[in-house]
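**Student:** Input: one structure, supplied below.
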Amino acid sequence: MVSKFNTFYRHIIEQERKFPEATGQLSDLLADIALACKVISLEVNRAGLIDILGFTGEENVQGEQVKKLDVFANDILTNVMKQGGHICAVCSEEEESFISLEEKFTDNKFLSNKYICHFDPLDGSSNIDVNVSIGTIFSIYNRVSKSGPGDIDDCLQKGYEQVAAGYVIYGSSTVLTYTAGEGVHLFTLDPSVGEFLLSTENISIPKKSRIYSVNEGNYSKWSSGMKKYVDHLKQVDKESGRPYSSRYVGSLVADFHRNLIYGGIFIYPADKKNKNGKLRLMYEANPLSYIVEQAGGRSSDGKNRIMDIKPESLHQRTPLFIGSEEDVLMAEKFLKED
Ligand code: AHM
Ligand code: MG
């Protein structure tokens, strides 16, 4: 239970005040992201109506072209980032390359565009048209270059260099979960006041769970270690809490969020067809890994810690095993047999 009424913005400012050298820019940047996500949330809620009225891809009553939701989310996020002036590069799962940005407030005594931001603007795209939860994932790094617009080295940093990460789920309510390295905190959007209000502070993921989330339709393409691991989870053994329950929404943010709260392991492994799995290191795996580790969980590609992987390209994929620590450790043990 939260004892005091607190907004997202007030919470991040309070967190930033713990560091005397902080300039307040990270708080402003996170507030910009939250604003963009409120706009996306509104549009997601209207999506069903837009479909009924047959607008998508056509002109609406004002004679404007109606954008697909994922394009809309990408445009809102990149535009808000461009206007905010806090970042020197924005990288999006929807864009081939990164967009570099000049410093905006040149009279500021601090370098204004000191951050890099990565987005998966609308994760769970296959669920957009069927009213199942989807979300936005974001990740923030300090720039490594000294000045000017950001470059590729700014954009390709290891996950452990993140200064903040989070996601917003557009579901039965809109929730925002974030970390800036001081625990994981959850906010719920109150649509009547238009604010994200603090729901839970310092979330910790259960050390061991009874839930696994994986697309089991790919079973025939898995390695022998992966097959044995999932077979193991399904065997009956009261003492170790098996069989596990299977829960798979098909939206990473939604599967991850449930497992963060109840405990669980989410897996998207490598398989015969997708040698590096399906999910993207920079846009999906790294931000969720930062969150899970802050919550006391674990995240790996089956062998190595996700946040230690040196990225070679923006859209690089990685196998992902993420969630309750003991479950991820167990999965890694089975994969060693491969
Ligand atoms: P997306 O970014 O195009 O939505 O793809 C990522 C999604 C994840 O949200 C989800 O976990 C996964 O793809 C589902 O993949 P599959 O349909 O192969 O199970
Ligand atoms: Mg995605």
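Quick note: the coordinates plus some simple rules give every number you see, no bench work behind them. None of the values given here were measured: they were computed from a predicted structure. Cβ sites come from the backbone with ideal geometry, for glycine too, and all protein chains shown count toward neighbours.
**Student:** Are there GluC sites (Glu not before Pro) in region 72-101 that DSSP marks as loop and that have at most 10 other Cβ atoms within 10 Å, and which are they?
**Tutor:** The qualifying sites are Glu96.
**Student:** Let me know the number of lysine pairs in region 143-241 closer than 28 Å at the Cα, not counting same-chain pairs under 8 apart.
**Tutor:** Here the count comes out as 15.
**Student:** Rounded to the nearest 0.05, what FRET efficiency is calculated for Ser246 and Asp308 with R0 set to 25 Å and r the Cβ-Cβ distance?
**Tutor:** After rounding, the FRET efficiency stands at 0.25.
**Student:** Arg10 versus Leu35, label points 7 Å from Cα toward the beta carbon: distance in nm?
**Tutor:** Reported label-point gap for Arg10 and Leu35 is 2.0 nm.
**Student:** In whole angstrom, how long is each semi-axis of the equivalent ellipsoid of region 8-200, when you take the square root of 5 times every eigenvalue of its Cα gyration tensor and sort them from largest down?
**Tutor:** Working from the Cα gyration tensor, I get semi-axes of 29, 20, 15 Å.
**Student:** Continuing with the same structure: Expected output is a single nm value to one decimal: the length gained when fully extending between Asp28 and Glu182, i.e. 0.36 nm times separation in residues minus the C-alpha distance. What is it?
**Tutor:** 53.7 nm
**Student:** Return a whole-number percent for the relative contact order of the chain, with Cα pairs under 8 Å and 6 or more residues apart as the contact set.
**Tutor:** Result for the chain is 15 percent.
**Student:** In vacuo Debye scattering of region 283-333, one point per C-alpha: log10 I(q)/I(0) at q = 0.19, 0.26 Å⁻¹?
**Tutor:** Taken in order of the listed q values, log10 I(q)/I(0) reads -0.56, -0.97.
**Student:** Here is a follow-up. I need the shape label for region 132-248. Rule: rounded when a/c is under 1.5, else prolate if a/b > b/c, else oblate, with a, b, c from the alpha carbon gyration tensor.
**Tutor:** Note, shape of region 132-248 comes out oblate.
**Student:** Counting only pairs 8 or more places apart or on different chains, how many lysine pairs in region 272-338 have C-alpha atoms closer than 20 Å?
**Tutor:** For region 272-338, qualifying lysine pairs total 11.
**Student:** Cα-based Rg (one decimal) and Dmax (whole number) for the chain, in Å?
**Tutor:** 20.1, 66
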